[in-house]
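Novice: Handing you a structure now.
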Amino acid sequence: MSKNTTALVIAIILMLALTFFMANVSAVEIETRLFISAVPNPVGVGQTLSVMWWLAIPNPVAGTRWNNVKVTVEKPDGTIET
């Protein structure tokens, strides 16, 4: 076999081996904690309420944001605002 063929065979074997090992890596579960704050507390009739939320862990992908986070607020009259 020529040097090029040998190098190609070794490269293919290494790629297959790497694919096998990567397929067997399991994800690590991390407990997610979401915190929420409402100001002012208590809120009066007609006052504006500011609701803030944050997570205890940073986003795993730098420079991206969390998606599909929904905060539901139930008013004293029972109506729901999201």
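Novice: What number of residues within segment 28-73 satisfy the criterion of being in contact with an Asp or Glu (Cβ under 8 Å, 6 or more places away or on another chain) and not in a loop (DSSP other than H, G, I, E, B)?
Specialist: Number satisfying all stated conditions: 1.
Novice: Something else about it: Pairs only if they're at least six apart or on different chains, beta carbon under 6 angstrom, first in segment 58-82 and more than 15 Å from ARG33 (Cα to Cα), second among the hydrophobic types (A, V, I, L, M, F, W, C) and surrounded by 10 or more Cβ atoms within 10 Å (Cβ to Cβ); list them, first residue then second.
Specialist: Short answer, once both residue conditions are applied: GLU81/VAL73.
Novice: Which numbered condition trips up VAL39, out of (1) over 30 Å from the mean Cα position of the chain (by Cα); (2) at pLDDT 85 or above?
Specialist: Of (1) over 30 Å from the mean Cα position of the chain (by Cα); (2) at pLDDT 85 or above, only one is false for VAL39: (1).
Novice: Okay, moving on. All but one of (1) of a type outside the set (Ser, Thr, Tyr); (2) surrounded by 10 or more Cβ atoms within 10 Å (Cβ to Cβ); (3) more than 30 Å from the chain's Cα centre (by Cα); (4) at pLDDT below 85 hold for ASN4, so report the exception by its number.
Specialist: (2)
The values are calculated or read from the model by the stated rules, or taken from the named source; none is laboratory data. Quick caveat: nothing in here was measured; it's all calculated off a predicted structure. Positions of Cβ are backbone-derived with ideal geometry, glycine not excepted, and every protein chain shown enters the neighbour counts.
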